[in-house]
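Reading through the structure tokens given below for one structure.
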Amino acid sequence: MISFIRKAAKTSQAMLCAASILFAVSAHAADPIVIKFSHVVADSTPKGQGALLFKKLVEERLPGKVEVQVYPNSSLYGDGKEMEALLLGDVQLIAPSLAKFGQYTKKLQVFDLPFLFKDINAVDKFQQSDTGKSLLKSMENNNITGLGYWHNGMKQLSANKPLHVPRDARGLKFRVQASDVLDEQFKAVRANPRKMSFAEVYQGLQTGVVNGAENPWSNIYSQKFNEVQKYITESNHGVLDYMLITNTEFWNGLPDDIRSQLEQILEEVTAHVNSEAGALNQKAKQAVIDSGTSEIISLSDDERAQWVDAMKPVWAKFEDEIGSDVINAALDAGK
Ligand code: LMR
């Protein structure tokens, strides 16, 4: 009798166990796919707005199937860590500046070459060209897939002294993104570049660890850099744009229907970000002007030519790494 009771108890235990596994599996099957989107800028910037629009559209169109979590302002991962997190599968979407891919491909350095693109339209044309599109796929060996380019805008120089000509920048310490080209760009005007993550820039400027920086208006205003920079020179000397990237294995492992719906949404979000980025930067510029914190300096043709002469020799140093075919394609797009 006792052995019968034991047997029955064992059987019901086994049934319970099987049921809980079944429950776990079915609960798991019903769990939404979570996409963590981490970035380093404010919600109000082109990238910040793009991330939020992506979340909104995914949750409208794939309710219960995909959940998007957005982490702005380096709140989950900052520069230097976000790429590692993507490769480890800790986040699924990031959109680093094109200046931050040096470890994975040298070709994207083309975007950092000073005075290569005359405006954001030229940048856009290059990104949509065959060469531009092929760069999205250039890191798949590293498990990184580019899903699109997002604009921020052209960069402006800022400092705690007026910058009219390259000579004015001599000896100043400029914060740069993690890019060897940008490092050389400031060395070319005999300034001292210092690579620093985005989250540290405000404090760096405030405490004098660095005296100057280069940013699009949207980043200047949303990070309050204007409060610690008395002068902003409207130099438009280079671009700060992004590549939206995912972990290749993660992306290819998604169910086909989900992946194609996400791609459709991303196409719409990309079009929206890229059409709105100019207006957001103009709005930020106006807000900086209205705040009265900084003097805005416009360059005369002659002054601008001096910056071009001083910085353009940097191209030659990177021509082999980038490839002259890529540089020429970028130049062609700007014609
Ligand atoms: C920077 O580090 O200055 C930018 O790349 C930040 C950003 O994502 O716009």
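The values are calculated or read from the model by the stated rules, or taken from the named source; none is laboratory data. These figures come from a predicted structure and were not determined experimentally. Counting neighbours? That spans all protein chains shown, and the Cβs are built from the backbone with ideal geometry, glycine included. Surface areas here come from the heavy atoms of the whole protein model, side chains and all, with no ligands, DNA or RNA. Shrake-Rupley method; radii C 1.70, N 1.55, O 1.52, S 1.80 Å.
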Problem set entry | Residues of the chain: accessible area per residue with a 1.4 Å probe, Å² | 47
Exercise. Tell me, what % of the accessible area of the chain is carbon and sulfur with a 1.4 angstrom probe?
Worked result: 51
For this session: With a point put 7 Å past each Cα toward its Cβ, work out how far Arg170 is from Lys283 in nm, to one decimal.
Result: 4.3
For this session: Using just the helices of the chain, give the 222 nm mean residue ellipticity in deg cm²/dmol: DSSP H runs with n ≥ 4 each add -39,500 (n - 2.57), and the total is spread over all residues, rounded to 500.
Result: -15000 deg cm²/dmol
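Tell me, what is the FRET efficiency for Asp320 and Ile296 to the nearest 0.05, using R0 = 30 angstrom and their Cβ-Cβ distance as r? Before the final figure, lay out the partial values.
Numbers: r = 38 Å, r/R0 = 1.26.
Efficiency computed from Cβ-Cβ geometry: 0.20.
At R0 = 22 Å, how high is the FRET efficiency between Lys187 and Lys81 if r is their beta carbon distance? Nearest 0.05 is fine.
On the way: r = 27 Å, r/R0 = 1.23.
The computed FRET efficiency comes out at 0.25.
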Exercise. Using the beta-carbon distance between Arg259 and Ser44 and R0 = 45 Å, what value does 1/(1 + (r/R0)^6) give for FRET efficiency, to the nearest 0.05?
Worked result: 0.90
Exercise. Exactly which trypsin sites (Lys or Arg not before Pro) in region 114-218 are in a DSSP loop and have at most 13 other Cβ atoms within 10 Å?
Worked result: Lys118, Lys137, Arg170, Arg190
Seminar exercise, completed: Reduced to Cα centres, the span from region 192-243 to region 272-314 in Å works out to 12
Seminar exercise, completed: Listed by chain and number, the lysines with an alpha carbon less than 17 angstrom from that of Lys56, same-chain partners under 8 positions apart left out, are Lys36, Lys47, Lys65
Problem set entry | Gyration tensor (Cα) of the chain, equivalent ellipsoid semi-axes in angstrom | 46, 21, 18
